[in-house]
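**Student:** Below is a structure I'd like to ask you about.
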Amino acid sequence: MKYFYASIFFLLCIKISLAQYTEVINSNRPGFSSSPFSIGTKVYQIEGGFFYNKINQVNYWDPINEESVAYGSKAFGSDITFRTGQFFEQLEFILDMAIQNEDRNYTQPDIYNESGLGLSELTIGAKYLVYRPTYKDLSKEIRSWKARHRFDTRRLIPAVGVYAGFNTNLLNEMYKNPYGMSARFGLFLQNDFTNKFIFITNFIMDNAFTDQSENSYILTATYAFSERWSAFIDNQGVFRKNVPNDFQIGLGGVYLFNKNLQIDVSFRYILDERSDFSYLAGAGMSWRLDRHKDKIIKNKVNNGEESMSGEKDGFFARTGAAIGGLFSGKKSNGSGQRDVKSVKAKQRSLTPPVNKKAQKAKKKQNKQLIKQQKSKEKAEKKYSKSE
């Protein structure tokens, strides 16, 4: 299985894609899924919030001590993500961390209480967009209303991104992995079915190649009601080796405060295979420091003229889905990213500009000279006849 995941990762990495920067913040909050698009080069972004988690009961088999463990817990804390794009438009570096205070009440194998405050997650990774589809701008179709509003079947082809990272073990004792550091891989897909409706699909392999490995999927649908408001709903399934599988349903809303700041709220309901349930409620915000700069790219075209592209080196995207251009006030190009504008440079004339007034005066002067010349010739003829 590990060779299968590795093969997919390297095959996808050979693809080429286009610019990532969006004029409006692209956040993965408050959902758990991730968009395949990066935030753009020289953009620094922080996404964080507070949460409360109530777990009714967790049952799992401890392979190290060879015993069954069961506990319920209450926890509150903060999850923080740092994101930045560097080197390439398609490449993004990500630091995920969470700090929480949790109180556990064990019922198996013994009855006792355990509390802890500290890091519960510290993961470092990188994401790369390997494919970005392009769609037709049907709004320019003038032949018929039906043609202008028909569905572009190319929107069924998703944008594709890959992720690789590792989970550090610099955590509180309650959250340490007994097998040490572990790998994390992800395959991220995004379909822009319309300029307002986005669908995200994630496949994630966490704690890979250890006895605590887990595979999961996340399906997220996001809809933009206006340039500032959007909502999402998602479904997540987590499949583990020694712990009952989780099935989660989450929903929430996002408000775009300005192009660099958004706020969000969310709620998740979690149900495992043994009918034990828990819930997670949270609220937070996303903010970015935009140091992205334009660069001018000159290209020669067939007729010898130059074309100049004002391309940014480096939205409001809800909840794990980069909805990209939904809230930029511009039409989407099908990727959620801003279109690059092209303008033809004017041809320069080698001759100096003509002064029309001077030209007109010179023409009038020439006419007067011709008239004077004719008058002189007429006078000379008259004089010669008189002699």
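Readers should treat all values here as calculations from the given coordinates under stated rules, not as data from a laboratory. The model shown is predicted, which means the values in this text are computed figures rather than measured ones. Every residue, glycine as well, gets a Cβ built from its backbone with ideal geometry; the counts of neighbours run over all protein chains shown.
**Student:** Check whether at least one residue in segment 65-79 is over 19 Å from VAL243 (Cβ atoms) and small (Gly, Ala, Ser), and report yes or no.
**Tutor:** yes
**Student:** Follow-up. When VAL254 is evaluated against the numbered criteria (1) touching a Lys or Arg at 6+ places or on another chain (Cβ under 6 Å); (2) closer than 23 Å to SER73 by Cβ; (3) of a type in the set (Val, Ile, Thr), which criterion, by number, is the only one it fails?
**Tutor:** The one condition VAL254 does not meet is (2).
**Student:** Okay, next question. For segment 108-123, what are the residues that are over 22 Å from VAL160 (Cβ atoms) and part of a strand (DSSP E or B)? First the steps, then the outcome.
**Tutor:** Let us first name the residues in segment 108-123 that are over 22 Å from VAL160 (Cβ atoms), namely 108-122.
If the condition is that a residue be over 22 Å from VAL160 (Cβ atoms) and part of a strand (DSSP E or B), then GLN108, TYR112, ASN113, GLU114, SER115, GLY116, LEU117, GLY118, LEU119, SER120, GLU121, LEU122 are the ones that fit.
**Student:** I've got another one for you. Is it the case, given these coordinates, that SER144 is small (Gly, Ala, Ser) and more than 23 Å from SER213 (Cα to Cα)?
**Tutor:** Details: small (Gly, Ala, Ser): yes; more than 23 Å from SER213 (Cα to Cα): yes.
In short, yes.
**Student:** Moving on. Does PHE50 fit the bill of being over 26 Å from the mean Cα position of the chain (by Cα) and closer than 23 Å to GLN262 by Cα?
**Tutor:** Details: over 26 Å from the mean Cα position of the chain (by Cα): no; closer than 23 Å to GLN262 by Cα: yes.
Spelling it out, it is not the case that PHE50 is over 26 Å from the mean Cα position of the chain (by Cα) and closer than 23 Å to GLN262 by Cα.
**Student:** If you scan segment 203-260, which residues turn out to be acidic (Asp, Glu) and exposed (fewer than 15 other Cβ atoms within 10 Å of the Cβ)? Walk me through it before giving the result.
**Tutor:** Of the residues in segment 203-260, the ones acidic (Asp, Glu) are 206, 211, 214, 227, 234, 246.
Passing the criteria: ASP211, GLU227.
**Student:** Where residues in segment 261-274 are surrounded by fewer than 20 Cβ atoms within 10 Å (Cβ to Cβ) and either closer than 18 Å to ASN53 by Cα or among the basic types (Lys, Arg) (or both), which of them is farthest from the chain's Cα centre (by Cα)?
**Tutor:** Residues of segment 261-274 surrounded by fewer than 20 Cβ atoms within 10 Å (Cβ to Cβ): 261, 263, 265, 267, 269, 271, 273-274.
Okay, now just the ones that are also either closer than 18 Å to ASN53 by Cα or among the basic types (Lys, Arg) (or both), so 265, 267, 269, 271, 274.
Working: VAL265: 20, PHE267: 23, TYR269: 26, LEU271: 30, ARG274: 37 Å.
Result: ARG274.
**Student:** Identify, please: which residue in segment 78-95 is surrounded by fewer than 19 Cβ atoms within 10 Å (Cβ to Cβ) and not in a loop (DSSP other than H, G, I, E, B) and is, among those, farthest from the chain's Cα centre (by Cα)? Write out each step before concluding.
**Tutor:** So in segment 78-95, the residues surrounded by fewer than 19 Cβ atoms within 10 Å (Cβ to Cβ) come out as 78, 80, 82, 86-88, 91, 93, 95.
Adding the requirement that they be not in a loop (DSSP other than H, G, I, E, B) leaves 78, 80, 82, 91, 93, 95.
Numbers: SER78: 23, ILE80: 17, PHE82: 14, LEU91: 11, PHE93: 13, LEU95: 16 Å.
Within segment 78-95, the match that is farthest from the chain's Cα centre (by Cα) is SER78.
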